[in-house]
Amino acid sequence: MDYIAVDYAGAVSHGAVSSPPEYAEQSEFAATVASKLAALPPKPALPPKPQRPALPPKPCKNFAPEEVTAILGALKKFCGANKQLSSVSNLAMDKTEEAAATKNDISVMRKQLVVARDTVQESNQRLTEGLRGAAGTDDQDLVRSLCRDATQVAGSTAALVSVSRLLTLEAGDDALLKTMLTATTTALASMNALADLLSQATGTIDEDGATLQQFVSATKTVDASLTALVSSSADGALIPEGKRLEIQATANAVVRALAKLINSFSGAIQQSIVTEAKVCSCCVASFGALLDDTAISPPFLRKPALRQLLADGATSLKQIYSHFMEQTKVEVSNPTSESAAHMIAVAEPVIVKVRQCVSYVIALSKVDGASPTDEIPTPTPEEVTLAEKVTNVPMPTLHTATSSTSTSSTEGMYMTTHFNPIQF
C-alpha cells in the first residue's frame, strides 16, 4: 500500500493514465491488496459491557396525617380559585368582543384566552373529581398523585392569568381590572399555600414542589403588575414630566446615533460601521419600548384612542427604521460618493417619525390624567418647535468616499424637517 501511495502519481496524471506499464503494475498491486484484505479473519466482537444494576427508587417519606388534611384543604381552595379565575376571564371576553371585530391583535388574544381557559377548566374539573374521591383518605400514593395533578393545573393557571391580564388592559374597564386583580390574588394565595405545604413536607414530593414554585413566581409577577395598575392614581398629567423627559432624551439619542451612523459613509467604509448600526438600532428599540410602556400605564387604561396613538407610533417607527436599515446594508455593500447624501435622505423619514412622536408626547403631558376625554390632541406650534429642538442634531462635515479633500456643502447642516402635525 505504501508503494501504491508513492508511485501512483507516475501512473496517473490529471485524471488520465500517463504511463500504461506503471498503471498496469499499480492495478496488479491494488488487486493483491484487495484479495489479502478479503482473506483476513473477521474481527472478533467485543464482549458486552457489564450492565450496572438499576438503582432502587428513592424512598418517599409518608405524609403525616395533619399534612394530608392541610394539603387536601389547600387543593380544594386552589380548585375554587381556578373557577373564580375562569369566570373573570369570561368577563374579559365579553368586554372585548366588540373591539375584536376591528383589531386583529385583540382577536388573537381572545383565542389564546379561550385555549388557556378551557385547559384550566378541564384539568381543574379532573382535580376536583379526584379530591372528592380522596375525602377522608390516608392513601399516600393518591395524595401524591393529586399534588402532581395540581402542579400541572398550576401551569395552566399561570398561563390563563397572563393572557387575562393582557385582555383586561385592552378592555380599559376599571371594574374589570379590580375583579381580575381579586381573582389573580386569590389564585396566587392558593398556589402559594400549596407550595409552602409541599416544601415543608421534605422528602415527600420535592420535585413537584419546586415546579409549582416556578408557576407561583410567574403568577406573582402578574399580580404585582395588576396591583400597581389598580393602586396607581390617575391624578396629574397624563404623561408625567419625568417620563416625558426620558422620552425626549431617548429621541435625541436616536437622532444622534443616526447622525453618527451616516457620518460613517463620509469616508472609506470601516468595520466600526457595524457597531454604529447596532447602537442606532438599540436607541430606536428603546424609544419604541418607552412609547409602548407609556401606552399601558394606568392613566391610559380608560383611553383606548390615546393608547393606540402611542402604540401605532412605535409600530410605524419600527417599519420606517427597518427600511432605513435595508438601505444601509445596500450602501455598505456598494459605497459610492453619493452614499452619505443618500443615507441622509433615507434617514429623514425616521427623524420625522421620532419628531412626531415627541410632539404628541409633549402634548399629552399637558392633558389632565383624571380627565375622561379620549380625544387625540393636536400639538401646538410651541410643542412642535420643542420637538424640533429635541431632535435637531448637527451633521458633521461629509466627505466623499473617493476623496479625502473635497468637502460637501452639507457642512454645519442640521437634521431638521418641519412638518404639519398629523396622527400616526
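Values quoted throughout were computed directly from the atomic coordinates according to the rules given, and no laboratory measurement underlies them. Note that the structure is a prediction, hence the values are computed from the model and not measured. So basically every Cβ, Gly included, is an ideal-geometry build from the backbone, and we count neighbours across all protein chains shown.
Some observations on this one:
- Summary of packing: across the peptides 173-185, 111-123, the per-residue average of other C-beta atoms within 10 Å ranks them, highest first, as 173-185, 111-123.
- Basic side chains Lys and Arg get +1 at the Cβ, acidic Asp and Glu get -1 at the Cβ, and with that the dipole of the range 241-391 about its Cα centre reaches some 240 debye.
- Listed residue pairs exceeding 26 Å between alpha carbons, taken from LYS77/LYS303; LYS103/LYS303; LYS178/LYS366: LYS77/LYS303; LYS178/LYS366
- Put simply, the amide H of SER365, placed in the peptide plane, has neighbours under 5 Å in ILE239, leaving out anything fewer than 5 places away on its chain.
- Diffusion constant of the range 241-391 at 10 °C, which comes from Stokes-Einstein with the Kirkwood Cα-pair radius and 1.306 mPa s, µm²/s: 98 µm²/s
- Among the GluC sites (Glu not before Pro) found in the range 281-363, those both in a DSSP coil and sparsely packed, with 15 or fewer other Cβ atoms within 10 Å of their Cβ, are GLU338.
- Using θ = phi - 60° in the Karplus curve 6.51 cos²θ - 1.76 cosθ + 1.60, the 3J(HN,Hα) couplings for the range 348-358 round to 4, x, 5, 5, 4, 5, 4, 5, 4, 4, 5 Hz; x is entered for Gly and Pro.
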